[in-house]
1. Can you give me the three principal axis dimensions of the stretch B:185-257 from its C-alpha atoms, in Å, biggest first?
2. Evaluate the distance, in nm, between pseudo-label points positioned 7 Å from the Cα of A:Ala326 and of B:Gln225 along their respective Cα→Cβ axes.
3. Using 7 Å Cα-to-Cβ label points, what is the A:Tyr102/A:Glu160 separation (nm, one decimal)?
4. How much net charge surrounds A:Glu299 when only the other residues with a Cβ under 14 Å from the Cβ of A:Glu299 are counted, with Lys and Arg +1 and Asp and Glu -1?
5. With r defined as the distance between the Cβ atoms of A:Asn200 and A:Lys149 and R0 fixed at 45 Å, what FRET efficiency is calculated, to the nearest 0.05?
6. If you count, for every residue in B:97-109, the Cβ atoms of partner chains within 10 Å of its Cβ, what is the mean?
7. Take each of the peptides A:98-111, A:144-157, average the number of other beta-carbon atoms within 10 Å over its residues, and list them starting from the highest.
8. Between B:Lys262 and B:Asp191, 0.36 nm times their residue separation minus their Cα-Cα distance comes to what?
2 protein chains.
Amino acid sequence: MGASYSLCSHSSTLSTHTLLHSHPKATAFSHIRQSGLPNPSFKLNPTNQIFQTHLRIMAQPSQVLPLQGGQVEVGETQEGNGTRPLLDFHGIDQELVEKIVYDALVWSSLHGLVVGDKSVQRSGKVPGVGMVHAPFALLPMPFPESHWKQACELAPIFNELVDRVSLDAKFLQDSLSRTKKSDAFTSGLLDIHSKMQEINKKEDIRLGLHRSDYMLDEQTKLLLQIEMNTISCSFPGLGCLVSDLHRSLLNHYGEFLGLDSKRVPNNPAASQFVEALAKAWTEYNNPRAVVMFVVQADERNMYDQHWLSALLKEIHNVSTLRKTLAEIDTEGELLPDGTLVVGGQAIAVVYFRAGYTPNDYPSESVSKSYFPATQILILF
Amino acid sequence: MGASYSLCSHSSTLSTHTLLHSHPKATAFSHIRQSGLPNPSFKLNPTNQIFQTHLRIMAQPSQVLPLQGGQVEVGETQEGNGTRPLLDFHGIDQELVEKIVYDALVWSSLHGLVVGDKSVQRSGKVPGVGMVHAPFALLPMPFPESHWKQACELAPIFNELVDRVSLDAKFLQDSLSRTKKSDAFTSGLLDIHSKMQEINKKEDIRLGLHRSDYMLDEQTKLLLQIEMNTISCSFPGLGCLVSDLHRSLLNHYGEFLGLDSKRVPNNPAASQFVEALAKAWTEYNNPRAVVMFVVQADERNMYDQHWLSALLKEIHNVSTLRKTLAEIDTEGELLPDGTLVVGGQAIAVVYFRAGYTPNDYPSESVSKSYFPATQILILF
């Protein structure tokens, strides 16, 4: 059975004429995907290992109970492929595991580590209904500290790479020319890009919120990058909470498990995402303007996004507007000076948690071309 | 249409030989029941009025949306009588109300102001599944500060009254003699009480966690006591959160509404309940002993209770055990020295969130008589 870890590092970069890469942040956030590694959690707690938090993307987290045979069923994956990865808890008293599971479920419920339940129809539309704990790994996984540091050090370099690529029109068009031929969606985006080149439209201020996913290859012991997300990077909100959850569980049970809560690294992904958004908002220099979250109409992971809105308001007093592309199409207005106004509110920053799939575009309407024509910051 | 407010004051008293009523606390927690008073929230914000939080006990809080005609449907009462009290929001822009409702729902979800949804079967048994925001009043109600203070001042007096009554065996038996004849449940409790008198069993240390409910009578302008709860006082956990929710909403929208968040009084009910439980636990003087929450098998209001457990652990490092009376019957053991052991753990304090109805007693078994024979603190 193959075994691998993955680690996701959220980071952001804000670039202006003078501020290019002055804010490259390699956040300590991570989560690890684990596929069937036997007994990973309880072997050791060596000083060169740290514990990484783990948040699985799954649809039926409520299947976490009951416990059988010392193993915790962690439910189906969100993709619904029926795979049921098992965390092996051999060596831990089953009664103790049940206690930890119970406490973890309570902690999640009290601290907003929740998602919409797909079995409740409105759970992706209306907040506060049909909630279920987010899926999570019960305990953090050991991860080599050196690889962790490596990923953190790589973050600003990848940020700069993405920023430079975004400015290199020829490279972008050339690299994606074959994709353009076979994929109508990419083709549409490249057409918008070409139009912007034609009118010589350039953004002086750019902000990227990225998430880089890595896996630790067991054979080569190398950290391998799986993908780098440059739009709609999910789980900065809930991921931080998983770190907090693990810290809380180890505070209570660490002694029994031989795990030290202090080895769970700090995970400031949410506050750093929010700091970057606030910095971009400040650059826009209109105190009445808001940050617009472009969202999908049905979003069961809305609480991950709501955490960012809540922190943005609480820490930086910046307000958020949530709109689908269809709503922006109906309610949006482009003023002659390039200001985008939606529902009567000037938009300083657009944060995309949608728009990366053709399904998010309801029609061939102006919504597709609103953003590049405006003066606002666009976060792809 | 009649109009009345009610206010609930949580308080606790811990009595020992030397400590009698040294901890009578009138907590600032309150919630108000309101029945059809026209436009109570937005008349004024005079200096002699404070705002009271409001947590309705309802079954279908998800009915809080949509908004129609400037009124918010706050759903059915928990009793399921189909009454749908309406809060009148005339004078507030409907779009603003919708925004506030949305923010309130998000806030509740992120901050653990949740209950189990009755439409989800397991929501009263397993934490973290089938959650829905707790029902709440969208905004605090004005309440005369003088009456508020009066209720707070009354709390320690009522606490002392209850404590004295609990020690006056003859008064108790005489007062309830007629009830004893017609009510088998009360009769059973009085029989246990009589047995304890016969063996001269007395508790040197007593702790009461009480909740006193008041209504403000609109005709007489008097504060009228509705009832005093001396067992299973609910909502110290969630009630505090409603105060926080209202404060948060007024911080954002108070200016538009003419309401000042600073006028929402501090509500330390949860931390004071927990402080009292910790104090009682300390009196038992066994660092390995735990506080046992006696709960109902199906409890959709479990998060209100979980907040107390969480705070008890977090603030005082005291652990909690949750058991139904049936489970105690099976797993409990009474040691010769009077120590109650449940699931291998010595019980220092019993906190009853069940046991006030015949349904909670599964049989005529020893569970009924466990507690009075032990040396532990009993919280009725």
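1. 65, 32, 23
2. The modelled label-to-label distance comes out at 5.7 nm.
3. 5.3
4. +2
5. 0.60
6. 4
7. A:98-111, A:144-157
8. Value of the extension gain: 20.5 nm.
FYI, it's all coordinate maths here, none of it is from the lab. All values reported here derive from a predicted model rather than from experimental measurement. Heads up, the Cβs are rebuilt from the backbone with ideal geometry, glycines too, and the neighbour counts pull from every protein chain shown.
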